[in-house]
Amino acid sequence: MKNNTIFTWAAGAALLVLAVLFFCNDLGKFPILQWDEARYVNNSVEILMNGHWLDFRMDGQIDTWNFKPPLVLWLQVWSMKLWGATEWGVRFPTVLAGIGIVFLLFWFSVRVLQSPRIGLLTGLFFLASSGFIGPHMGRTADLDAVQTFFTTLYSLLFIRYLLDGRNPLTTFAILGLLVVLSFLCKGMPGLLLLPYLFIISLLHGNYKKVLFNKYVYLFAAVAIVLCAGYYVVRDLQYPGYWELVKKIRVQPLFR
């Protein structure tokens, strides 16, 4: 038991050091990249300078390109208040999300799967993923990394609930909150894992813990109201917003 505890702490510490090195190395030295990152950074700087927290702007004018929800941009603004309006400052939320995902994978393996070795291997495989550790994802001021943190967290919590079935009220209240936060990062992509989680429950044979649980429907309804409410508020604040969202969503090649 003592040896296993030592290994767990050593593996966790090693993963943390590697995650910090992978995500932070030269983070502030390469310039803001064109297209997505530059657009989001401009929106965040406009919020920082002018306080337009909902109607994102470019050069003082309403931005008719970025109609995604605002959570990541808000995090970038708060980060710039802390670190300054620098490459490091605007990318810091992405770094925290990446390190957080490594922690979640290790935590799930240790606490749920009871295997720190699986946690170590899973963390290493994740850190070796060039699709995440690179531009447009884990080292730039894009929206994807923070959203991935929330989708990973709500997925792992859901799977943990399937395995132990404890505290459904608390579990689904937290899951509902995480789903809303994931949605507020980038919109509908934050909800894409939900059907697959239900399929997992069917394959695992524990669908009754989900299908016949009243808290699922209660907090799902709350999450739907909150997500839809965001679009209502934006459309009231900027008439025509919803029509532009629909137009953009049916023209993905131009995004």
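Below, the figures for the structure above:
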| item | result |
| --- | --- |
| Reduced Cα scattering model of the stretch 1-80, Debye log10 I(q)/I(0), q = 0.16, 0.20 Å⁻¹ | -0.70, -0.88 |
| Ellipticity estimate at 222 nm from DSSP helix runs (n ≥ 4, -39,500 (n - 2.57)) divided over the chain, nearest 500 | -23000 deg cm²/dmol |
| Pairwise label distance in nanometres, Leu236 with Ile118, each label 7 Å out on the Cα-Cβ vector | 4.7 nm |
| Total formal charge among the other residues, if their Cβ is under 13 angstrom from that of Ser109, Lys/Arg +1 and Asp/Glu -1 | +3 |
| Net +/- balance of residues flanking Leu178 in space, Cβ distance below 15 Å, scoring K and R +1, D and E -1 | +2 |
| Dipole-positive endmost among Ile224, Phe7, Ile174 within the chain (Cβ charges, Cα centre) | Phe7 |
| Sparse-neighbourhood loop sites, trypsin sites (Lys or Arg not before Pro) in the stretch 72-176 - DSSP loop, at most 16 other Cβ within 10 angstrom | Arg166 |
| Cα-Cα P(r), the stretch 170-226, percent of pairs per 10 Å interval | 23, 54, 22, 1 |
| Cα→Cβ-extended label distance, 7 Å offset, between Val245 and Leu96, nm | 2.5 nm |
| Where only alpha carbons of the chain are counted, the Rg and the Dmax (Å) | 19.7, 62 |
| Potential extension, Leu226-Trp65 segment - 0.36 nm per residue separation minus Cα distance | 55.6 nm |
| Choice from Leu156, Leu113, Leu15 showing the highest fluctuation, given a GNM over the chain with Cα pairs closer than 10 Å | Leu113 |
| Convex hull of Cα atoms in the stretch 1-142, direction-averaged projection (nm²) | 9.5 nm² |
| Two-site label geometry, Tyr196 and Ala173: point separation in nm, points 7 Å out along Cα→Cβ | 2.9 nm |
| Helix runs (DSSP H) in the chain reaching 24 Å along axis by Cα, Kyte-Doolittle at least 1.0 | 2-24, 87-111, 168-186, 214-237 |
| Net charge over other residues, Cβ less than 11 angstrom from the Cβ of Met137 (K, R count +1; D, E count -1) | -3 |
| Built amide H within the under 5 Å cut-off of Met58, gap 5+ | Asp63 |
| Added length on full extension, which subtracts the Cα-Cα distance from 0.36 nm per residue, Arg166 to Ala38 | 41.7 nm |
| Extension reserve of the Trp83-Lys29 stretch, reckoned as 0.36 nm per residue once the Cα distance is removed | 18.0 nm |
| Qualifying chymotrypsin sites (Phe, Trp or Tyr not before Pro) in the stretch 122-225, DSSP loop, other Cβ atoms within 10 Å at most 10 | Phe212 |
| Proximal lysines to Lys81, defined as alpha-carbon separation beneath 24 angstrom and excluding residues fewer than eight positions away on the same chain | Lys29, Lys68, Lys186 |
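Every number in this text was worked out from the coordinates using simple rules, so none of it is lab data. Bear in mind that the values here come from a model prediction, so they are computed numbers and not experimental data. Glycine also receives a Cβ, built like all others from the backbone with ideal geometry; neighbour counts cover every protein chain displayed.
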